Each structure stands twice: as structure tokens, then as C-alpha cells.
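Read-outs: derived from the displayed coordinates by stated rules, not from any lab. Treat the numbers as computed from the prediction; the structure is a model and nothing was measured. Cβ placement follows ideal geometry from the backbone for every residue including glycine, while neighbour counts extend to all protein chains displayed.
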Amino acid sequence: MSEAQVQAAVKSVAEKVAADYKNEVPLFVGVLNGAFMFVSDFLKHYPYDCEVSFVKLSSYRGLTSTGIVQTLLDVSEDIDGRSVVILEDIIDTGRTLKELVLLFSNANVKDFKIASLFYKSDVYNGEYAIDYWGIEIPDKFIVGYGLDYMELGRNLKEVYQLNQKHMINLVLFGKPGAGKGTQAEFLKEKYNLKHISTGDLFRYNMKNNTELGQLAKSYIDNGDLVPDEVTIKMLEDAVEKNADASGFIFDGFPRTAAQAEALDTFLEGRDMKVNATIALEANDEVLIQRLLERGKVSGRSDDQDESKIRNRFDEYNQKTAPLKDYYEAQGKFHSVNGIGAIDEITHRLGKVIEEL
């Protein structure tokens, strides 16, 4: 979209809002970072008295009872009895919008409306009314005029659709001994995917004493679980370091439905998604024999004690049952027989991927 098209849309939104609020002084609340250009130009076109403030949200929160989107900057003005209009750069799924509504729902405002420059009606969940918008667009990733791709492009006057290749992102899970690591090696070579193992990420960051590694170690040394937001940040760094990959295999994360939601949020912020989750299924007794044989070579104590192996299986069953439900509800769960020759199992996995 040209600069002229964008400015015409901004002016149109400002005129619609002005028609409703010409007899009072509304408070406009811009959502950072993306809406800063829109707010600036909107105010230039708004002909009446008004006030402006900003709010900033972050999508990395992990396991908290209030959700995934976190408020970093709050509206400082006294908003009791005021008319508040949220100014968003773009509305797509509505996840951020939901948090904004929650933010103002407890405030004693006179009224509360939502204005957005761009609106993806095809993917919006429709939970809240969108009162004003400038341009309705298809579900494509756009950059420019405040909108970024990996923090770049915000300063462009025009708006561009980002050229994207088709990516396949997989979550691979299965019980210990099911062969996830072995199969991930074959799949990443065949489909040019990047294998991201959370175990490997933790070992790398702690071994290299990175900031995230130090943070993870501080929790581990205190006997605490490492918060999900730390793991997500490690995943984020790994994804951004491998921008040329045709997709990713996530191994070891998510382990719970809450973690799966956090992963969806992170990928959504990169205009990506989990395409499929594949579970390698195998009989417990077969896996126990595999692990006991592996233990003779690896020397791992937890592969040499049958009771410890069964405990690991029980933990897997408890944690992945809700995870399976989460992905089945999205139509993304696939079960693959993990018994047989390695190349036979690889072929079964390949059939699932190629159908995508």
C-alpha cells in the first residue's frame, strides 16, 4: 500500500471517531510498539480536543493464572468517567485485544471503544466489537508504517506484504526410548528443518554461561522449576538464529497445555504456527527393553533401572494427556507407530508431513 493509501485510511478513522466524540475530550490509548506511527498521524487528523496515552504489552508470561499477555506500561491518567478509545495498528486473532479489554474492564470508564488501522476480519475471533477500522486486509504478514518483521521495517512509510515460503513446524513427542532424537535427525535432513531440543538449548546456554543460561541455573540451583518464559526465550533465540530453515521440529517443549499455548503465542508473533504434533507410539514393554539395552551402552542410571523407567512413563502419561487433547482440539494431533525398522518409522512420519 502506498503512503497515500495509508494516510487516507488514517484520516478516515480519525474522521469517524471525531464524529462520535466532538462534544467531549476522549482519551486515546495507543498500543506500543506497532501503533506509534498510526497514533501520531491520527492525532494530526483529529480536529477536536483530546488526550493521549500509551500501553505496552508483552506476550511472554508462561504459567500464570491471568494469561499470556502481560502489561508492561499501564495507562497513568485518571480514566474514571472518561471515554477511552484504543488505537491499535492491526487486529488479527484478537489475543492482545482480549487483554486490553480486561485491562479496562475494571476501570470506571464512561465508554470504551476500539479503533484499528488494519483489520484481518478472516482470522479475528469476533469476541469484541471493532468500532472503527481503516483498511480490511487478508490474513497476510505485513510490514511497514510501525509494523515490524523481527523489529525491522517500522520506519517504512508504505506497507508491504512479506514474501514467505511455506514452513512446516512440528512438535515431536513420545515416551523415553520412542526414538524422537533418531527420527528428528532424519526429518531435519529430508525436509530442511531445524531440530530444537529444549534439553540441548539448556545445555548450550548453561555451558556457554549466557544470560539465559545463568538465569536458568539460578532456578535449578535453588531446586526450582525453570519458568516457561525462560524456555520460550531460548526457543525464540534459536528460531531467529535459523531464519533460513524451512521449519522447525520442537522436541521437549511443550510438555503441558499451558506451554503449548505459550508456544502458539510466540509463533503467532512471527506469523508462524505449529502445523502438526506427532506422537511416536510404542508398547511400554518394548520401550523398556530398548532403554535397558541402551543403558548398557550409555551408562545412564535411569536407563538401567526398570522401576525408574516406569516412573518416567507414568510422568509422561500424566503430562501429555492434556497436551494431546489441546492439539486434537485444533485438528493437529497425529499418532505414528514407533515400532519397526528406523527407515519404516521415518517413512510413516514422512507420510504425515507430506500430507500437510
Rounded D (µm²/s) - the chain, Kirkwood Rh over Cα pairs, Stokes-Einstein at 25 °C, 0.890 mPa s: 107
Lysines whose Cα lies under 23 Å from that of LYS308, excluding same-chain neighbours fewer than 8 positions away: LYS175, LYS180, LYS296, LYS319
Alpha carbon centre of the range 250-291 versus the range 90-128: separation in Å? 31
Return the loop-located trypsin sites (Lys or Arg not before Pro) in the range 275-356 (DSSP other than H, G, I, E, B) with at most 14 other Cβ atoms within 10 Å of their own Cβ; answer none if there are none. ARG300
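Averaging sequence separations of C-alpha pairs under 8 Å and six or more residues apart, then dividing by the length of the range 168-355, give the relative contact order as a whole percent.
Relative CO of the range 168-355 lands at 31 percent.
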Between ILE220, ALA262, LEU97, whose Cα lies farthest towards the positive end of the dipole of the chain when Lys and Arg beta carbons carry +1 and Asp and Glu beta carbons carry -1, centred on the Cα centre? ILE220
What aspartates and glutamates does LYS120 reach when the alpha-carbon gap must be under 16 Å and sequence neighbours fewer than 8 apart in one chain are set aside? GLU88, ASP89, ASP92, ASP131, GLU136, ASP139, GLU268, ASP271
For the range 168-355, Rg(Cα) over 2.2 N^0.38 Å is 1.03
For labels at THR93 and GLU151 in the simple 7 Å Cα→Cβ model, what's the distance in nm? 2.3
Proximal lysines to LYS233, defined as alpha-carbon separation beneath 21 angstrom and excluding residues fewer than eight positions away on the same chain: LYS56, LYS194, LYS207, LYS217, LYS241, LYS273
Which of the listed residues, VAL39, ALA115, LEU280, is farthest toward the dipole's positive end in the chain, when Lys, Arg count +1 and Asp, Glu count -1 at the beta-carbon? LEU280
Under 14 Å, Cβ to Cβ, from MET150 - net charge with Lys/Arg +1 and Asp/Glu -1: -4
Would you mind checking which residues have amide H under 5 Å from GLY134's amide H? H placed 1.01 Å from N; only 5 or more apart, or other chain. SER116, LEU117, PHE118
